[in-house]
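These notes are about the structure you will find just below.
The values are calculated or read from the model by the stated rules, or taken from the named source; none is laboratory data. Nothing here was measured: the structure is a model prediction, and the numbers come from that model. Don't worry about glycine lacking a Cβ; one is built from the backbone with ideal geometry, like all the others, and counts go over all protein chains shown.
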């Protein structure tokens, strides 16, 4: 019976793998690449000095300018690799922490069961054990939801790093360019391969984070899959500030949030679908009220908003026709989060998705607000 009741938690633990990241992983490879680029840059610095002292004229000046740009690009590429490695490290640390917490939850439940002794065979003992199993499973689900929200933020950051720094354009792309001259330096196959490999690695990392935990069922399903959410956890697109960050909704459609924080808040809020409403509730996976849901979702992105619903009218006011995912619909006693496609997510009973509206019982509607701007 102990094995049967602990199985759901053990299965969640298995989703975290072995709990440790072996050496020689993506972060280590990126740092080695960064060190190699910096070493090459140091050699290039010496070459620039020699070039300046032994070559004069307009062609020399053009070559020096190009070499200086290449030097700056090498530094930028090295920093870019270090930035991606830092994101990988943070994601690994969050995953390892979740693994440790789930291990402790499993050990706690088994300890309770073993300490019960012979009473476990009685109806009272079995009732106690089932209650303990439910409580421990809720704790485990909360850990998984938190880790998924953290990984969604890292995926968004990795997506933003998918494009490598710019490299110098050729000095002259016309037919008069001399083979082997500086104008062909940064367009060599080797350089292009390094840039392409770095871009693919960043995109692959963002995609792999978005796929952690498999494909959950629809919001009406029960158990762990019901709690963990839906395909909205897919990685955001690597867009610039004008295009925003993409979010996949439960119905499979894709919407664009104004920034990574808003996109992450939508993803976090959607993980709580099916969680019961609780007056004053602030505990994900157990019980949330309307403002508890929105405050928690934004807190996962490092954005602090007030606790009370009527006080969450912060940031910039947004017209009804201009709302985007992550915007908050605020009443004088209720708040909901816009997720796009004419929908919002809110802590009803339970947390659920519904159409955007501006009415809620007899409450006065204060408007739509964007906390991140």
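Can you tell me which residue within region 242-294, out of those that are under 18 Å from residue 305 (Cα atoms) and either assigned by TED's automatic domain parsing to the domain that holds residue 156 or part of a loop (DSSP other than H, G, I, E, B) (or both), is nearest to the chain's Cα centre (by Cα)?
259
Please work out which one of (1) in contact (Cβ under 8 Å) with a residue 40 or more places away in the chain; (2) touching a helix residue (DSSP H, G or I) at 6+ places or on another chain (Cβ under 7 Å); (3) in a loop (DSSP other than H, G, I, E, B) is the condition residue 313 fails and give its number.
Of (1) in contact (Cβ under 8 Å) with a residue 40 or more places away in the chain; (2) touching a helix residue (DSSP H, G or I) at 6+ places or on another chain (Cβ under 7 Å); (3) in a loop (DSSP other than H, G, I, E, B), only one is false for residue 313: (2).
Kindly indicate which of 338, 353, 330 is within 10 Å of residue 291 (Cβ to Cβ) and either modelled with pLDDT of 95 or more or assigned to a strand (DSSP E or B) (or both).
Working: 338 fails: within 10 Å of residue 291 (Cβ to Cβ); 353 fails: within 10 Å of residue 291 (Cβ to Cβ).
None of the others qualify; the one that does is 330.
Regarding residue 127, is this residue assigned to a helix (DSSP H, G or I) and either modelled with pLDDT under 75 or in contact with a helix residue (DSSP H, G or I) (Cβ under 9 Å, 6 or more places away or on another chain) (or both)? Explain how you work it out, then say what you get.
Working: assigned to a helix (DSSP H, G or I): yes; either modelled with pLDDT under 75 or in contact with a helix residue (DSSP H, G or I) (Cβ under 9 Å, 6 or more places away or on another chain) (or both): no.
The answer is no for residue 127.
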